[in-house]
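Visitor: After the structure tokens below, expect a handful of questions from me.
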Amino acid sequence: MGSVCNAYSRLLNKYPITVQCLQAGVLMGAGDASSQFLVEGKSLNEYEWRRTARFFALGTFFVAPVLTKWYGLLDHKFGSGKGISAFKKVASDQLIFAPSFLGVFMSVLGITQGHSIPHIQQEIKTNYKDIILVNWSVWPAVQIINFSFVPLHHQVLVVQTFALFWNTYLAWKTNRSQ
């Protein structure tokens, strides 16, 4: 296991953006697959691989780059470490970033699903409140630990690992009316 961690660390140091993007894509795709099999109870014949591919692509090309830049901005603005710095990061993350990011994420997801703008607006109107409330019930605790104890270059990995469960929820919530 140590050699895998060492290899990961070497790759992360050499290709930080690429590694963070691919790990987010894999974990978001896994969240969608988990949603389909474990939450929605789909069989292998019912499995929608395009949906998982869509979540993989969103993680790789949208979520990871945005999170990487956001966490870098927070670190630059508030510093790193425990205490007030971490609390300022969590407050900014949950009161500024999360509400806007979730709306944008739902819009981008709707576009990649081929939905019309009125349909996307209705989905946001229907689901946004529930999603943001669930977000606020779980993410502050995760982020206080992340921002307090995890080095900046590993924060996207920590978030995306926990987000395996979050992405399972998002995949279920944003695909149940289809």
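Visitor: Summing Lys, Arg as +1 and Asp, Glu as -1, what charge do residues with Cβ under 15 Å from the Cβ of Val134 carry, Val134 excluded?
Guide: Working: positive: Lys129, Lys173, Arg176; negative: Asp130.
Residues close to Val134 contribute a combined charge of +2.
Visitor: Using a Gaussian network for the chain with springs between C-alpha atoms less than 10 Å apart, which of these wobbles most: Ala91, Ala141, Ala64?
Guide: Ala141
Visitor: Given the options Leu58, Leu74, Leu95, state which has the largest fluctuation in a GNM of the chain using a 10 Å cut-off (strictly under) for Cα springs.
Guide: For the chain, modelled as a Gaussian network with Cα springs under 10 Å, the answer is Leu95.
Visitor: Just going by the charge dipole of segment 2-175, with Lys and Arg at +1 and Asp and Glu at -1 on Cβ, which of Gln122, Phe97, Gly25 is farthest out on the positive end?
Guide: The residue sitting farthest along the positive end of the dipole is Phe97.
Visitor: Would you calculate, for the chain, the mean residue ellipticity at 222 nm contributed by helices, counting each DSSP H stretch of 4 or more residues as -39,500 (n - 2.57) and dividing by all residues, to the nearest 500?
Guide: Estimated from H runs of four or more residues: -26000 deg cm²/dmol.
Visitor: So which residue, out of Gln94, Gln113, Gln36, gets the largest mean-square fluctuation from a GNM of the chain using Cα contacts under 10 Å as springs?
Guide: Answer for the Gaussian network model of the chain: Gln113.
Visitor: Beyond 18 Å between alpha-carbons counts as too far, so tell me which of Lys125/Lys173; Lys129/Lys173; Lys14/Lys82 fall in that bin.
Guide: Correct reply: Lys14/Lys82.
Visitor: Through the Karplus equation 6.51 cos²θ - 1.76 cosθ + 1.60, θ set to phi - 60°, convert the phi angles of segment 142-150 into ³J(HN,Hα) values in whole Hz; use x for Gly and Pro.
Guide: My calculation for segment 142-150 gives 4, 6, 5, 5, 4, 6, 7, 10, 9 Hz in order.
Visitor: Still on this structure, I have one more. Straight-line reach from Lys69: which aspartates and glutamates have a Cα under 19 Å away, not including same-chain ones fewer than 8 places off?
Guide: Here the aspartates and glutamates satisfying the reach criterion relative to Lys69 are Asp93.
Any read-out appearing in this document is the output of simple, stated calculations on the displayed coordinates, not a laboratory observation. All values derive from a computational prediction rather than experimental measurement. We place every Cβ from the backbone using ideal geometry, glycine too, and count neighbours over all the protein chains shown.
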